[in-house]
1. May I ask you to order A:124-137, A:169-182 by the average number of other C-beta atoms within 10 Å around their residues, highest value first?
2. Shortest first, in nm, what separates the label point of B:ALA208 from those of the same position in the other copies (7 Å along Cα→Cβ)?
3. Averaged across the residues of A:65-73, what count of C-beta atoms belonging to other chains lies within 10 Å of each residue's C-beta?
4. Relative to the Cα centre, what is the charge dipole magnitude of region B:91-196, using +1 at the beta carbon of each Lys and Arg, -1 at the beta carbon of each Asp and Glu, and rounding to the nearest 20 debye?
5. Once phi is turned into θ = phi - 60°, what whole-Hz ³J(HN,Hα) does the Karplus curve with 6.51, -1.76 and 1.60 give for every residue of region A:38-45, x standing for Gly and Pro?
6. Which order do the peptides A:114-120, B:117-123 come out in when sorted by mean C-beta neighbours inside 10 angstrom, highest first?
7. Compute the normalised compactness of region A:91-196: alpha-carbon radius of gyration over 2.2 N^0.38 Å, N being the residue count.
8. If each label sits 7 angstrom from Cα along the C-beta direction, how far apart, in nm, is B:ALA44 from its counterparts in the other copies?
2 protein chains.
Amino acid sequence: MTPTITAFERSPDGGKGLARDMRVRWALEEVGQPYEVRYVSFAAMKQPAHRGRNPFGQIPTYEDGGLVLFESGAIIFHIAGRHAGLLPADADARARAIAWMFAAVSTVEPPILEFASAWLFESPQSWAAERMPMLEERVHVRLRDLSARLGEAEWLDGNFSAGDLMMVHVLQRLAPSGMLAKHPSLAAYVARAEARPAYRRAFAAQYAVNAAA
Amino acid sequence: MTPTITAFERSPDGGKGLARDMRVRWALEEVGQPYEVRYVSFAAMKQPAHRGRNPFGQIPTYEDGGLVLFESGAIIFHIAGRHAGLLPADADARARAIAWMFAAVSTVEPPILEFASAWLFESPQSWAAERMPMLEERVHVRLRDLSARLGEAEWLDGNFSAGDLMMVHVLQRLAPSGMLAKHPSLAAYVARAEARPAYRRAFAAQYAVNAAA
């Protein structure tokens with residue numbers, strides 16, 4: 001059966017691939033699983049039909065037969081359990097890749113989102129300029145630690161995994177800020193991921209929708 | 001083999017159970033798995049030995065034989081894979097419980113941490129009072145959605161799972177703010193979890209260390 005995901009009818013980023021459906025599209029492309037997309041408007045996302053799929057009224061969601069899932073991390077984990085290519089077969093290596101999935105959303109993404117949200121929504125406020133250096137430094141702390149762990153390696157732990165996929169997508173939100181460029185090994189890590197054919201197919205698919213909108 | 005976790009030598013909360021080792025202790029108690037604890041100071045957490053366990057220099061970590069893990073979500077998922085009691089056996093129900101684990105750290109926790117961190121660290125700043133209503137409302141948006149989904153149910157999806165465990169621990173950080181009391185069904189949900197014998201044993205274990213420190 002072909003799974004159905006949801007995505008923004010019009011992504012706020014205009015097709016830059018920052019919306020979280022991009023993670024799921026990318027994972028599905030990595031494993032060669034075709035999928036359908038149901039596009040939802042901002043109004044429809046907050047209606048009961050969509051909240052039945054995601055109680056927080058967000059995208060992406062995933063439906064396959066009787067299963068309805070939300071949270072990009074959980075959806076990707078589910079896909080990885082059904083197809084080879086996103087998580088290692090060895091139990092310990094698999095557990096470590098899952099740790100990177102959680103690290104992406106729980107340790108690295110929050111300060112990045114706080115920084116991005118302050119930049120987008122609070123910049124007209126009197127306090128914005130005063131707070132930004134603190135928010136930037138919180139991001140750099142994480143990037144320094146991540147860069148130190150990555151070292152000269154291609155991916156975070158052995159072969160490319162769902163942990164890398166999620167971490168790269170989290171880091172991409174920093175692109176317009178120039179902050180990633182201060183950590184050259186991480187910028188190269190993101191570039192390596194963006195060169196993957198599966199990434200390119202997923203990016204093109206969401207771009208086609210949003211650039212046309 | 002008995003696994004070893006790490007925890008703060010002195011938790012900043014003085015034993016209120018808000019440090020993330022509490023989640024792992026609770027999960028281990030739910031499944032009846034004894035464990036050892038290595039206590040680490042703030043200085044030791046940032047040294048190479050601990051960064052080898054967690055590249056971000058945080059607690060908790062988990063070691064069992066040759067496996068070294070970080071991220072409370074990943075550790076609890078690993079424990080749930082080795083013992084019954086934290087995730088359902090049915091594949092779809094298991095995927096949904098994992099979605100709640102990700103929702104806890106990725107959707108509900110970030111606005112709570114942003115609120116708590118502003119309260120703790122930015123209150124002397126000129127902008128603090130002006131920003132707080134916005135931060136509180138971001139938390140309430142999530143709590144309203146979560147409360148609507150929980151409805152009259154005891155737990156988020158069927159029996160108690162690792163998704164409830166993580167969600168409850170995320171919500172507990174709101175206790176001193178009084179915000180949880182505005183969502184009575186969530187306050188009752190947290191209270192139900194806190195009444196679990198496994199929760200009480202885990203709480204007592206971390207309290208004994210931190211109240212004595």
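The values are calculated or read from the model by the stated rules, or taken from the named source; none is laboratory data. The model shown is predicted, which means the values in this text are computed figures rather than measured ones. A quick note on method: Cβ atoms are made from the backbone with ideal geometry, for glycine too, and the neighbour counts reach across all protein chains shown. The protein model used for the area step is the full one, side chains on, heavy atoms only, and it has no ligands, DNA or RNA in it. Shrake-Rupley method; radii C 1.70, N 1.55, O 1.52, S 1.80 Å.
1. Details: A:124-137: 13.4, A:169-182: 17.5.
Ranked from most to least packed, the peptides come out as A:169-182, A:124-137.
2. Computed spacing set for this position: 6.2 nm.
3. Working: counts 1, 1, 5, 4, 6, 6, 11, 3, 8.
Mean shielding count: 5.
4. Values: 11 positive and 13 negative charges, 22 e Å.
Computed about the Cα centre, the dipole is about 100 debye.
5. Coupling constants for region A:38-45: 9, 8, 10, 7, 4, 5, 5, 4 Hz.
6. Working: A:114-120: 17.3, B:117-123: 13.7.
Descending packing order for the listed peptides: A:114-120, B:117-123.
7. Working: Rg = 14.5 Å, N = 106, 2.2 N^0.38 = 12.9 Å.
Normalised Rg, Cα atoms only: 1.12.
8. For B:ALA44, the inter-copy label distances come out at 5.5 nm.
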